[in-house]
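Single-structure report; data block below.
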C-alpha cells in the first residue's frame, strides 16, 4: 500500500508493507498549492509511478488533497461520529536491563479497557503475574520498565468454539 500525506506545501509518500513497516519514502515540495492547473493525477503518477509500476496498487490519500483547494473535496463528518464509549487495547509491559547492551528480561501483553471521553482516554494496568529472575548484579537503577500500546499485539479475540 502507498500512503500519501499531501499537504498545502509538501507531498510525502510512504510505501507500506503488509506488516505496517515503511519500505520506502519520498518527499517533495509539490503540495496542493504547487500543482499546476489542478493536474493532481499527473503529479501523483510522477511522484509514485515507480512504486505503481512495481505492483503497489492501493493508494491512500490524506491531508489537504481532500480540501476544497485540493483534488477532490472530502465532506466533513458531523461529530461526534459515534465513537465507542470504551475500547479494548493491548498494552505491553517490558522490563529491560538498561545500559549499552540493553536486554529484555521479560515482556508481556495485557488487554485493558480504556474509557473514552472528549479529553482522551484513561486506563490502568495491573499485572501481578509479570515474573522474572533478576540477575544478581542488577539493582533497581539497572532496569527500565516500559509500558505502552502495542499495535503488533492487535488481534481479533478468538471466537468461542461451539460444540454440539
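Each value in this text was obtained by applying a stated rule to the coordinates, not by laboratory testing. Everything numeric in this text was worked out from a predicted model, so none of it was measured. Neighbour counts run over all protein chains shown; Cβ positions are idealised from the backbone, glycine included.
With a simple spin-label model that places each label point 7 Å from the Cα along the Cα-to-Cβ direction, the separation between residue 128 and residue 141 comes to 3.3 nm. The value of relative contact order for the stretch 86-151, using C-alpha pairs under 8 Å at least six residues apart, is 44 percent. Taking the longest Cα principal axis of the chain as reference, the axis of helix 40-53 is set at about 50 degrees. Sorting 24, 129 from the fewest to the most surrounding beta carbons within 10 angstrom yields 129, 24.
Taking the convex hull of the alpha carbon positions in the chain and averaging its projected area over all directions gives 17.3 nm².
The gain in end-to-end length when the residue 96 to residue 22 segment is fully stretched comes to 24.0 nm, 0.36 nm per residue minus the alpha carbon separation.
Estimate the FRET efficiency between residue 5 and residue 153 by the formula 1/(1 + (r/R0)^6), using the beta-carbon distance for r and 25 Å for R0, to the nearest 0.05.
For R0 = 25 Å, the calculated efficiency reads 0.45.
In plain terms, if you count all Cα to Cα distances in the stretch 2-66 and split them into 5 Å steps from zero, the share in each step is 4, 18, 31, 25, 15, 6, 1, 0 percent.
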